[in-house]
Amino acid sequence: MQDEILKNFDQHIFYHGTSYQNATAIIGRGYEGGVGLLGSGVYITCNWLVALWAMYWKYCDHGAILRVGISKGTRILNSAKKPDRKCLQYLRKEFGEEILKKHPMKVIPKNKRLTQKEFINLFRYHYWNFQEKEKNRFGGSSRFFWDYIPEGAGGGKRAKGTRFHKSLCFKLVSDLRIQYQFDGFGNPEDEFGVVIFEGNYLEVKEIIFEWMRGRDSTVPYDFCDDWLDPKSDIRKKFPDVDHLIKYFQKHGSK
């Protein structure tokens, strides 16, 4: 599904959760920089709940969700896809086990360079091991996602992960961007979403929802993890994104 989304992103809806002030600036001047769980860039997702969670997690007393479009020709890597085992076996045979343990620049001869296919599979190998591999063990959620949920919601018990693979994956991001000319990477359906390196590839299409503490008293602000629970009171009030849009259309001008 992720491949289909990232190859046909003009047919899918993407959301960006941010602060009220940032949303105002973005609408006025366009996207600039940003930072998040996958490094520097602008984060978007196909899951409105993830955008909403990001809004609450970063900005407890105000926020906004924007619907965004991606420019044609933008190259986004589906990093969540499982790496090709045969390709990894070839890399081990050609360069030894160290190719999976260090940055390739420290392993391969200076007169050689990984092909795009080889690099992508190496990148996916580390991404898979720190982000995707054990999702089913943790209720379909990333282990690192739980690092950022309050301990009362289970974060303390679930905050385990493979920092080694995460560190190497992050070190490969600059190569992904500069040498292999990708404009972003990620999984459009999970909690991390997709990070776009340059904001000028994005365009705001619509304000889905905006909220400020004190002004919008009917929307709770102090339990962002409850949005992830389909049985919570707030989710019963807003079961899908259309209910959020209708709420904003009715109350957003107050």
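Residue-wise test of (1) at pLDDT 75 or above; (2) over 10 Å from the mean Cα position of the chain (by Cα); (3) not assigned by TED's automatic domain parsing to the domain that holds Val204.
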residue	(1), (2), (3)
Asp10	no, yes, no
Phe14	yes, yes, no
Gly17	yes, yes, no
Ile26	yes, yes, no
Glu32	no, yes, no
Ser40	yes, yes, no
Thr45	yes, no, no
Trp53	yes, yes, no
Lys58	no, yes, no
How about the stretch 95-106: which of its residues are within 16 Å of His126 (Cα to Cα) and part of a loop (DSSP other than H, G, I, E, B)?
Lys101, Lys102, His103
If only one of Leu176, Leu168 is of a type in the set (A, V, I, L, M, F, W, C) and either in the same structural domain as Arg67 (by TED's automatic domain parsing) or over 17 Å from the mean Cα position of the chain (by Cα) (or both), which one is it?
Leu168
Across (1) in a helix (DSSP H, G or I); (2) of a type outside the set (D, E, K, R); (3) at pLDDT below 90, Ser174 clears everything bar (3)
Being part of a loop (DSSP other than H, G, I, E, B), at pLDDT below 90 and in contact with a strand residue (DSSP E or B) (Cβ under 7 Å, 6 or more places away or on another chain) narrows it down to one of Pro239, Pro188, Pro220, so name that one.
Pro188
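The values are calculated or read from the model by the stated rules, or taken from the named source; none is laboratory data. Predicted model only: the values in this text are computed from it and were never measured. FYI the Cβ positions are ideal-geometry reconstructions off the backbone, even for glycines, and counts take in every protein chain you see.
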